[in-house]
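J.: Please see the structure below; I have some questions.
The values are calculated or read from the model by the stated rules, or taken from the named source; none is laboratory data. The structure displayed is predicted, hence computed values, not measured ones. Reconstructed Cβ throughout: ideal geometry from the backbone, glycine too, with neighbour counts over all protein chains shown.
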Amino acid sequence: MIKLLEGGAYLLNGCEIIADRGDALNEVKAKTGKGVSKEAAKQATIAYDILKAHNTSDNMDKLRIKFDKLTSHDITFVGIIQTARASGLEKFPIPYVLTNCHNSLCAVGGTINEDDHMFGLTCAKKYGGVYVPPHQAVIHQFAREILAGGGRMILGSDSHTRYGALGTMAMGEGGPELVKQLLNQTYDINMPGVVGVYLTGEPMKGVGPQDVALAIIGTVFKNGYVKNKVMEFVGPGVSSLSADFRIGIDVMTTETTCLSSIWRTDDEIKDFYEIHGRKEDYKELNPGEVAYYDGMIVVDLGKVKPMIAMPFHPSNTYTIEEVNQNLGDILAEVEKAALVSLDGAVHYSLQDKVRNGKFYVDQGIIAGCAGGGFENICAAADILKGQYIGADEFTLSVYPASTPIYMELIKNGCAATLMETGAILKTAFCGPCFGAGDTPANNAFSIRHSTRNFPNREGSKLQSGQISSVALMDARSIAATAANKGLLTPATDFDGTIGKYKYNFDSKIYANRVFDSKGVADPSVEIKFGPNIKDWPTMTELPENLLLRVVSEIHDPVTTTDELIPSGETSSYRSNPLGLAEFTLSRKDPKYVGLAKDIQVAQKAVMEGKCPLEVKPELKEIMATVQTQFPNAGEGNMGFGSTIFAVKPGDGSAREQAASCQKVLGGWANIANEYATKRYRSNLINWGMLPLLIKEGELPFANLDYIFFPGIRKAVEEKDAVIKAYAVKDGSLVEFEMTLGELTDEERQIILDGCLINYNRV
């Protein structure tokens, strides 16, 4: 089904792979009649051409990217614009689209979310942006329909910013990276590796894009094969896939931890642009005659079967056939993993889902940027036609990804077909993907064509004794399961016809409702601020020396951004830095907030010109120990705060709040063996936090220990390869070493200044 090549590979004329062995270049020459170097072949990828066109430096190894367009949704754009305003924003310099698809459901008894929407509308008017009202479209569908273009680059403040199937290299990052673009700064990265994804064959009936995506994720996530690299989809199998099918695979590449994605384009994508009235935005993209890839994933589409990602990660993949045949063993493995993911906080078992040896689920969801596409929903309607979901526990909700898609489903009858079965059609909304919509009952099991299935991603709360869980599946197999009233069923068991429906895009829907400034700013507009919208608190520059207390120690193999700052109901506080910070690590380590605040009082005393040892008496003994070796450490040259240790933090969402919430509670650093994603590490840096790395093995400190960093400011300034630190233990100092990894000069200065806001004020 899927094969990974060890090492790199050459691709000849887009259709022949030559593994990078000792004689590979001779073989290339023999087959093409041309001599070529590896370096020249690296420059023949689609990705290289796009990155080169957007690089503002004269060095292709050190990229300084300027994007064509930006996009955010309503739990990120308030913080981004507030940060940019604090840094001197006067006008959006490039098109910036503000969609409202995450906080669409406004809180009962308050106006928190709608206040954020009005903030967005007035900012779009004042600074010259585009505002998409709630329920019109999810962020990524609007971008596909309106923003994407061949050879373009788009930056979004959502991790699933992926439009590679349409010929657009898109990246999801934390808010500060968008702030930089709004302030005419650049996105600075080393030239990423490019991994080819070579597709052959065509999918069998009943197999959908989520199946292919999950098969790839299950193969490459754990071994880091594509981590921080660009996935470039090539090969003859690409042309066997519709535009919607490619889009459905592409959006899920985020779950591999790759940096971005790009696909070769053809007439199928040309038709997509013509359907959307933008034929001028199409560009044919293909790799050169001889292109070199740093790795190659070979996918035989014809061998992919209906897949399921069991709780609690998109990479925990099996074929549905495997689950049904080995039910006991697989459920036992999931329950074993739950002991780690849930820390034993609640009892978790799936045994009650087994009836007469068959596995039954409680809920089906087809939604969002992954599942809510036109073809997915039409296929689900065909599979369910003439069936009904029953009057018992099982429910099915379908969320078309945009109002234009919804309108077409009404016109072609698929909406009626679904509603006749007992399914409910809802408006464009991302909530089911992050725990803010269709939260299942306690201990329920939900199958979803959405993007993630992390713990609590469906909305349950461990601190309230609740637990339910999500498995990811394709819309087709969700429909087949729904037709069997919740009995887990692969869509390949469906023996009817899955039709091919023509899509017609109605542009009037957006023209009549979306505010588009056409890039014209109106400085006279006054921004509307709701009472929940707060400014960022004052943050100080990095001091000469630091004393940090470890306030959380996490030894899970991976820590997600959902665990660092939960999604779901907390989203209403994304515009309130201090309010949101109260939820930091609340589901993973409920003691964190109190412990962070407990040491933060010392730093607040420093900022107010008071003695930190008076407000935090236990520091007297700690500082006395520090001064046995560092007598000059003390008044006027010390900073105080907290840090956390996690083995591999930052998998998942691009949300900057996973870092900023720690910062506003006095966090100065993270200590990790590895960072799961580039975007989380960037978020730490942009909020002035040290992204420290420590080698795997026994830690020289434990939770609640103090760590002293002498001369930390000088170490950052002088680019020290090693950061020396001292654990304060039993009246003595235990020396150990860490590193900061590679930092650009700008990133170092941001850390020195204390955060991106301070950097831009200096």
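J.: I'd like to check something: does region 706-720 contain any residue that is under 22 Å from Lys591 (Cβ atoms) and either free of Cβ contacts under 8 Å to residues at least 40 places away in the same chain or not assigned by TED's automatic domain parsing to the domain that holds Asn456 (or both)?
T.: Yes, region 706-720 has at least one match.
J.: Just checking, which of Thr584, Thr540 is within 30 Å of Glu635 (Cα to Cα), among the β-branched types (Val, Ile, Thr) and in a loop (DSSP other than H, G, I, E, B)?
T.: Exactly one of Thr584, Thr540 is within 30 Å of Glu635 (Cα to Cα), among the β-branched types (Val, Ile, Thr) and in a loop (DSSP other than H, G, I, E, B), namely Thr540.
J.: Going by what's in this entry, would Asn59 be described as out of contact with any Pro (no Cβ under 7 Å at 6 or more places or on another chain) and part of a loop (DSSP other than H, G, I, E, B)?
T.: yes
J.: Kindly provide the set of residues from region 199-252 that are without any contact (Cβ under 8 Å) to a residue 40 or more places away in the chain and in a helix (DSSP H, G or I), ordered by number.
T.: Across region 199-252, the qualifying residues are Val238, Ser239.
J.: Kindly evaluate Arg64 against the criterion of being of a type outside the set (Asp, Glu), without any contact (Cβ under 8 Å) to a residue 40 or more places away in the chain, over 29 Å from Pro432 (Cβ atoms) and outside any loop (DSSP other than H, G, I, E, B).
T.: No: the conditions fail for Arg64.
J.: Taking the residues in region 282-326 that are surrounded by fewer than 18 Cβ atoms within 10 Å (Cβ to Cβ) and touching a residue at least 24 places away in the same chain (Cβ under 8 Å) as candidates, determine which candidate is nearest to Asp49 (Cα to Cα).
T.: Asn286
J.: Go through (1) closer than 29 Å to Ile50 by Cα; (2) surrounded by 21 or more Cβ atoms within 10 Å (Cβ to Cβ); (3) of a type in the set (A, V, I, L, M) and name the single condition Ile189 misses.
T.: For Ile189, the failing item is (2).
J.: Of the residues that make up region 524-536, is at least one among the acidic types (Asp, Glu) and crowded, with 16+ Cβ neighbours inside 10 Å?
T.: no
J.: Which one is nearest to Asp158 (Cα to Cα), of the residues in region 253-280 that are of a type outside the set (D, E, K, R) and in a helix (DSSP H, G or I)?
T.: Ranking the qualifying residues of region 253-280, first place goes to Thr254.
J.: Then there's this: Could you go through region 392-404 and let me know if any residue there is assigned to a helix (DSSP H, G or I) and either under 26 Å from the mean Cα position of the chain (by Cα) or surrounded by fewer than 23 Cβ atoms within 10 Å (Cβ to Cβ) (or both).
T.: yes
J.: With (1) buried (at least 21 other Cβ atoms within 10 Å of the Cβ); (2) touching a residue at least 60 places away in the same chain (Cβ under 8 Å) as the list, and Glu742 as the residue in question, which single condition is left unmet?
T.: The number of the failed condition is (1).
J.: A follow-up question, please. With the requirement that a residue be β-branched (Val, Ile, Thr) and more than 23 Å from Val230 (Cβ to Cβ), what does region 1-55 give you?
T.: Scanning region 1-55 gives a single hit, Thr32.
J.: Moving on. When the residues of region 666-702 are filtered to those that are of a type in the set (Asp, Glu) and out of contact with any Lys or Arg (no Cβ under 9 Å at 6 or more places or on another chain), which remaining residue is surrounded by the most Cβ atoms within 10 Å (Cβ to Cβ)?
T.: Glu696
J.: While we're here: Please determine whether any residue of region 430-437 is touching a residue at least 60 places away in the same chain (Cβ under 8 Å), among the aromatic types (Phe, Trp, Tyr) and part of a loop (DSSP other than H, G, I, E, B).
T.: Scanning region 430-437 turns up no residue that is touching a residue at least 60 places away in the same chain (Cβ under 8 Å), among the aromatic types (Phe, Trp, Tyr) and part of a loop (DSSP other than H, G, I, E, B).
J.: Only one of these is among the hydroxyl-bearing types (Ser, Thr, Tyr), modelled with pLDDT of 95 or more and buried (at least 18 other Cβ atoms within 10 Å of the Cβ): Thr439, Thr451, Thr417. Name it.
T.: One residue alone meets the criteria, Thr417.
J.: Considering only region 368-380, I want to know if a residue exists there that is touching a strand residue (DSSP E or B) at 6+ places or on another chain (Cβ under 7 Å), more than 21 Å from Ile247 (Cα to Cα) and surrounded by 21 or more Cβ atoms within 10 Å (Cβ to Cβ).
T.: no
J.: Restricting the search to region 110-158, which residues are among the basic types (Lys, Arg) and under 21 Å from Met169 (Cα atoms)?
T.: Selection gives Arg144, Arg152.
J.: Report every pair of residues separated by at least 6 positions or lying on different chains whose Cβ atoms are under 6 Å apart, first residue within region 563-574 and within 17 Å of His73 (Cα to Cα) and surrounded by fewer than 24 Cβ atoms within 10 Å (Cβ to Cβ), second at pLDDT below 80 and not polar (S, T, N, Q).
T.: Going by the 6 Å Cβ cut-off, the qualifying pairs are Ser572/Ala107.
J.: Quick check on my filter: what residues within region 652-690 are in a helix (DSSP H, G or I) and of a type in the set (S, T, N, Q)?
T.: Gln657, Ser660, Gln662, Ser682, Asn683, Asn686
J.: Would you point out the residue of region 20-35, among those that are within 24 Å of Thr200 (Cβ to Cβ) and touching a helix residue (DSSP H, G or I) at 6+ places or on another chain (Cβ under 9 Å), that is surrounded by the most Cβ atoms within 10 Å (Cβ to Cβ)?
T.: Within region 20-35, the match that is surrounded by the most Cβ atoms within 10 Å (Cβ to Cβ) is Val28.
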